[in-house]
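In what follows, a structure is listed as structure tokens, so that the remarks can point back to it.
The values are calculated or read from the model by the stated rules, or taken from the named source; none is laboratory data. For clarity, every value in this text was computed on a predicted model and none was experimentally measured. All Cβ positions, glycine included, derive from the backbone under ideal geometry; neighbour counts span all protein chains shown.
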Amino acid sequence: MHRRAFLKTSTAVSALAVAATLPRLVAIVRADEKVFDPRPGTWRTFEITTRAEVLQPTGVTRVWLPIPVVNSEYQRTLGDRWSGNAKIMRPMTDGKYGASTLYAEFAEGEAAPVVELTSRFRTQNRAIDWSKKVAATADPAELRMWTQPTDLIPTDGIVKVTADEITQGKTTDVEKVTAIYDWILANTYREPNVRGCGVGDIKTMLETRNFGGKCGDINALFVGLVRAVGIPARDIYGIRVAPSAFGYKALGAGSANVSKAQHCRAEVFLRDYGWVAMDPADVGKVAREETSEWLKLDHPLVQAVRPKLFGGWEGNWLAFNTAHDVALPNATKGGKLGFLMYPQAETAEGRRDSLDPDSFKYTITAREITG
Amino acid sequence: MTLTTEHRRWTAFVALVAVCATFALPRAAHTEPTRFLPWTDAPPPSVVLNDLAGRPTPVAEYRGRVVLVSFWATWCEFCREQMLAMKQLRQRLAGRPFEIVAVNFGESPTRVREYVKSLSVDFPVVLDPNQDAVKAWRVRVLPVSFVVDADGRPRYSVLGEFDWASDEAVKTITELLR
């Protein structure tokens, strides 16, 4: 029952002359009772709809909407449909990473460009069983790709030096990744004032020792440090689509409108386990935003998620792609994107601010499909 | 169906108030029921917390004095009036062997200090960052208060907001002072 609804109910009861004796109080949940334990096995189906209406268009208007392309043991795409008044509407794919967008091109003079994309997908929780080693196999060439640098994630210089310092004395890939995960938690922090999900310029983060950021910064730094010690790792760019089933408001979408719920996670490839889920940025988010206080890492609320996000995550999130350095097809304005997670648009005046859905404008809604 | 923590929380909350209403309804027609629920469990383990100056302060062990232990939070809207009422209670029992200890529910010293200052609270306020006292006293709602006698034994609990400046409060505590 919603708190407000409950209070209304309380008011009704008071009309029955009970109010004089009903104590006014609020229920609490102790931090040590909070459980965060995502486990695979239950698939959930969602539908996400992105509607872009480019305000005050000039010249030819172009829109790119991310289409989910990740299919794995935790996510299955179930198809996309789109509509709008664009002259051209078709999916286009990035060559290197396979990231996909719905490309919509509107004729000059189209006063109210609108395009809407709806994607369905299934998703489930992830949790690695560390007691069960598997003979993880993957294409060596593909794994090599996930150790390579990107424009914003170099793997040499200060990144390499830092990664080597962190993993000094560690011999196995699990030990090295564990050390980097712990270092990320100890040194970075969630900075709510960062726009969007951050930039992900990890070299600058290390050089300036400014470790405040969001998932696009913190998980990128994690991925870069892991890659720098030769272990395959990748960022996965997506969006939260539902509240956390474990009651963590910081780890879920707050409402059906998810226009600002973008979130990126990470994976590392471990020899005995394959691709393993990781999300140190969300540990920091719980510490900074779960309560009105900035919690320390040893706080029970943070401790409850810290080990679970090393090897798992909750299936209340849609993965779009794993792409970096994305050149939008047919774009005439702006440069490459560090990653593709937000709707994009350009008019004759330039590229729209993808982090400002209200002025762009776009809305993203998500709903769970039941039955 | 899997119940989330939030579900459980609100289910417990609704159940609690339903229980209160169940007890309250039949008596309401005759007389106001007492809000002082007799303590029937074993005494909780001893807990010492820091006050706002960082001084270790026992939550309930003040032998020779009756203690009102009250759990609260700055975000608990029902706690505010109660704080002010407890100030009045302290004034009404001035000079008597009586103490109030307000246990904050896991908030930062800065926030608590500002709040306490704004209300000019003049009794001990202790911080419970790890919820040690919350666990020891099995606190489930805020505010909740416990009256501990001069021998250190919990005697009553009071769930929810209560007018501690009331005659009933003064009478109940005064009886323990004898």
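Inside the stretch B:48-67, can you point out the residues that are surrounded by 21 or more Cβ atoms within 10 Å (Cβ to Cβ) and not hydrophobic (A, V, I, L, M, F, W, C)? The answer is none; no residue qualifies. Within the bounds of the stretch A:113-133, is there any residue that is assigned to a loop (DSSP other than H, G, I, E, B), assigned by TED's automatic domain parsing to the domain that holds A:Arg271 and touching a helix residue (DSSP H, G or I) at 6+ places or on another chain (Cβ under 6 Å)? No, the stretch A:113-133 contains no residue that is assigned to a loop (DSSP other than H, G, I, E, B), assigned by TED's automatic domain parsing to the domain that holds A:Arg271 and touching a helix residue (DSSP H, G or I) at 6+ places or on another chain (Cβ under 6 Å). Restricting A:Leu297, A:Leu251, A:Leu309 to those that are within 14 Å of another protein chain (Cβ to nearest Cβ) and buried (at least 20 other Cβ atoms within 10 Å of the Cβ) reduces the list to A:Leu251. Of the residues making up the stretch A:233-264, those that are closer than 23 Å to A:Ala323 by Cβ and either without any contact (Cβ under 8 Å) to a residue 60 or more places away in the chain or touching a Cys at 6+ places or on another chain (Cβ under 9 Å) (or both) are A:Asp235, A:Ile236, A:Tyr237, A:Gly238, A:Gln262, A:His263, A:Cys264. Filtered by the rule that a residue be among the hydrophobic types (A, V, I, L, M, F, W, C) and closer than 29 Å to A:Arg306 by Cα, the stretch A:32-57 gives A:Val35, A:Phe36, A:Trp43, A:Phe46, A:Ile48.
Among the residues of the stretch A:200-213, not a single one is touching a Lys or Arg at 6+ places or on another chain (Cβ under 7 Å), crowded, with 24+ Cβ neighbours inside 10 Å and in the same structural domain as A:Lys308 (by TED's automatic domain parsing). Among the candidates A:Thr172, A:Thr188, single out the residue that is closer than 20 Å to A:Trp275 by Cβ and of a type in the set (Val, Ile, Thr). Result of the check over A:Thr172, A:Thr188: A:Thr172. The residue list A:Ala281, A:Ala348, A:Ala304 contains one member that is at pLDDT 95 or above and not polar (S, T, N, Q), which is A:Ala281.
Is the stretch A:156-163 home to any residue that is under 22 Å from the mean Cα position of the chain (by Cα), in a helix (DSSP H, G or I) and either assigned by TED's automatic domain parsing to the domain that holds A:Met278 or of a type in the set (A, V, I, L, M) (or both)? There is no residue in the stretch A:156-163 that is under 22 Å from the mean Cα position of the chain (by Cα), in a helix (DSSP H, G or I) and either assigned by TED's automatic domain parsing to the domain that holds A:Met278 or of a type in the set (A, V, I, L, M) (or both). A search for C-beta distances below 7 Å between a residue of the stretch B:137-154 that is more than 14 Å from chain A (Cβ to nearest Cβ) and any residue that is in a loop (DSSP other than H, G, I, E, B) and aliphatic (A, V, I, L, M), counting only pairs 6+ apart in sequence or on different chains, returns B:Val148/B:Ala60; B:Gly152/B:Ala60. Restricting the search to strands (runs of 3 or more DSSP E) fully inside the stretch A:188-289 and requiring at least 1 residues that are under 11 Å from the mean Cα position of the chain (by Cα) gives A:233-240, A:262-270. Only residues that are among the small types (Gly, Ala, Ser) and on the phi > 0 side of the Ramachandran plot were counted in the stretch B:128-155, giving 1. Each residue in the stretch B:98-113 was checked for being over 23 Å from B:Gln88 (Cβ atoms) and either touching a residue at least 24 places away in the same chain (Cβ under 8 Å) or not assigned by TED's automatic domain parsing to the domain that holds B:Asp132 (or both), and 4 of them qualify. Identification of strands (runs of 3 or more DSSP E) wholly contained in the stretch B:68-178 with 1 or more residues that are hydroxyl-bearing (Ser, Thr, Tyr), modelled with pLDDT of 95 or more and surrounded by fewer than 22 Cβ atoms within 10 Å (Cβ to Cβ) yields B:154-159.
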